[in-house]
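The structure appears below as structure tokens.
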Amino acid sequence: ARMRESRYDLLCAFLLGLGQLCIFTGYDTQLTIVEPMLHSVHDRSPATIDAHAGYYGLSFVCLTFTTGNLAAPWALGILGSKYALLLGSVLFSIHIATFFFVHWLPYYVTSAMVGIGYALFYTGHGGYTTEHSTKTTIERNSALTWALANCCMIVGGISMLFTIKPPSKIAEVQLIQANATDTVRSYREYSDDEIRLMYGAFLFITVCSNIIFALLPTRAVKDAIASVNDSKNGIAFGEQMRKTVTTMREPYMLQLIPLFGFIGITACMWCSIFPTTLIFTKALSGHLYLPAYYSMVFGVSNMLMGFAIGAVCKRVRNFSKLPTLTIGCISFSLALLLMLLSTPTWATATPTDKETLLIEPNLFIPLLIAVLFGIGDNCVNTSRTVICALILPEKRAQVFSVSKFYQ
């Protein structure tokens with residue numbers, strides 16, 4: 001007998017969120033340490049990889065992600081939402097695997113592949129969400145999916161707690177001496193064994209996402225916002241591109257450009273730039289596990305906000321649209337202001353002991369910023385998912401792709 005529709009679409013949302021949790025536990029969590037970690041590898045072997053390869057790799061990701069979004073609806077028409085999710089997640093796993101033997105060539109090549117994986121994943125994510133949600137369940141399902149997905153930072157933070165190796169007393173003395181004479185070196189060095197241990201855990205969890213997406217059910221729910229894609233009816237590439245370009249010019253999409261751009265800026269801040277400052281700021285160098293605490297606090301606040309949105313949506317109509325978006329923008333703005341006032345100059349790029357604008361670095365401020373980032377991230381992404389699912393029903397795949405293009 002078929003599962004009841006209300007339980008079936010909830011199961012689909014749960015599995016989608018669980019798969020996203022696994023894929024981003026591996027990828028998003030490592031973004032919080034990849035810049036200082038590769039900086040450490042460069043310190044030991046400059047020819048192996050660039051000092052700022054973490055940022056350069058993320059630039060490759062953004063470049064291919066941006067261009068890949070233009071073709072993603074065409075790929076969705078061929079693959080369907082399930083296999084777009086699966087292929088996208090496999091590209092993430094390939095990238096994580098390259099950290100067992102760090103070298104600039106596979107790192108940059110697979111970083112470009114991750115951008116394509118992102119485009120496939122998010123287009124598939126939007127397609128699968130609308131195929132397995134109705135107009136009355138889309139808010140609940142979106143909030144649930146994002147809440148589960150952002151548990152990735154909790155799981156990733158716990159993984160870092162168990163894989164980070166405290167330096168020996170001898171290593172600490174050597175590091176202090178190196179900092180006194182060489183300002184280019186990191187205050188926190190990651191050994192090759194430590195990198196392999198952390199990325200082995202990340203790879204295992206990412207492969208779990210491949211398995212989950214391979215097993216996703218495909219039957220659409222009754223009265224779903226969108227029907228399950230049939231690859232036999234896929235649109236030719238040229239026609240699909242024309243449809244995507246016309247979607248970019250739609251008045252609704254033009255009005256939402258500031259929102260998509262804001263999400264792009266804040267995503268870079270919370271997942272890579274600000275966590276890097278926690279390691280490069282000398283006043284915080286003694287807090288060895290701060291990146292792990294930051295990840296876990298971000299994940300907890302994100303998850304709780306998702307459940308809160310889901311609960312309020314049952315009582316307040318359209319709460320996940322403008323009200324949720326407003327809460328998210330305010331939370332992000334406060335976090336960015338605190339970051340500006342409490343971060344030393346150039347701590348985003350190199351180890352430093354410079355003064356801050358106003359607030360002296362301490363353990364409490366980064367965790368407060370993590371709370372605000374977590375709340376803001378869940379709010380704006382839940383709102384964006386709901387808005388994109390409803391504004392142009394006949395161009396839904398293009399809407400999701402164009403939103404990521406502008407982001």
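The values are calculated or read from the model by the stated rules, or taken from the named source; none is laboratory data. Source: prediction; values computed, not measured. Neighbour counts are summed over all protein chains in view; Cβ atoms, including those assigned to glycine, are modelled from backbone coordinates with ideal geometry. Calculation scope for accessible area: heavy atoms of the full protein, side chains included, ligands and nucleic acids excluded. Shrake-Rupley method; radii C 1.70, N 1.55, O 1.52, S 1.80 Å.
Once segment 246-292 is narrowed to residues that are among the aromatic types (Phe, Trp, Tyr) and in contact with a Leu (Cβ under 7 Å, 6 or more places away or on another chain), the residue that is most open to solvent (accessible area, probe 1.4 Å) is Tyr252. Among helices (runs of 4 or more DSSP H) entirely within segment 83-173, having at least 1 residues that are acidic (Asp, Glu) singles out 104-131, 138-149.
Please work out if Gly54 is modelled with pLDDT of 90 or more, over 24 Å from Pro291 (Cβ atoms) and open to solvent by less than 10 Å² (accessible area, probe 1.4 Å). The answer is no for Gly54. Among residues of segment 295-312 that are within 11 Å of Ile375 (Cβ to Cβ), those with a Cβ under 6 angstrom from a residue that is among the acidic types (Asp, Glu) and crowded, with 20+ Cβ neighbours inside 10 Å, sequence gap 6+ or separate chain, pair up as Asn302/Asp377. Do we have Asp28 as under 18 Å from Thr385 (Cβ atoms) and not hydroxyl-bearing (Ser, Thr, Tyr) here? It is true that Asp28 is under 18 Å from Thr385 (Cβ atoms) and not hydroxyl-bearing (Ser, Thr, Tyr).
Does any residue of segment 60-78 turn out to be surrounded by fewer than 17 Cβ atoms within 10 Å (Cβ to Cβ) and not in a helix (DSSP H, G or I)? Checked against the condition, which is being surrounded by fewer than 17 Cβ atoms within 10 Å (Cβ to Cβ) and not in a helix (DSSP H, G or I), segment 60-78 yields no hits at all.
When we screen Leu341, Leu368, Leu325 for residues that are closer than 20 Å to Cys151 by Cα and of a type in the set (A, V, I, L, M, F, W, C), the only hit is Leu368.
Looking at Ser403, Ser333, Ser295, Ser383, which is the one that is within 22 Å of Thr32 (Cα to Cα), crowded, with 19+ Cβ neighbours inside 10 Å and modelled with pLDDT of 85 or more?
That would be Ser295, the only listed residue that is within 22 Å of Thr32 (Cα to Cα), crowded, with 19+ Cβ neighbours inside 10 Å and modelled with pLDDT of 85 or more.
The C-beta contact set for segment 357-369 (first residue under 11 Å from Leu284 (Cα atoms), second residue at pLDDT below 95 and open to solvent by 40 Å² or more (accessible area, probe 1.4 Å), distance under 6 angstrom, 6+ apart or interchain) comprises Pro361/Ala283; Leu363/His287.
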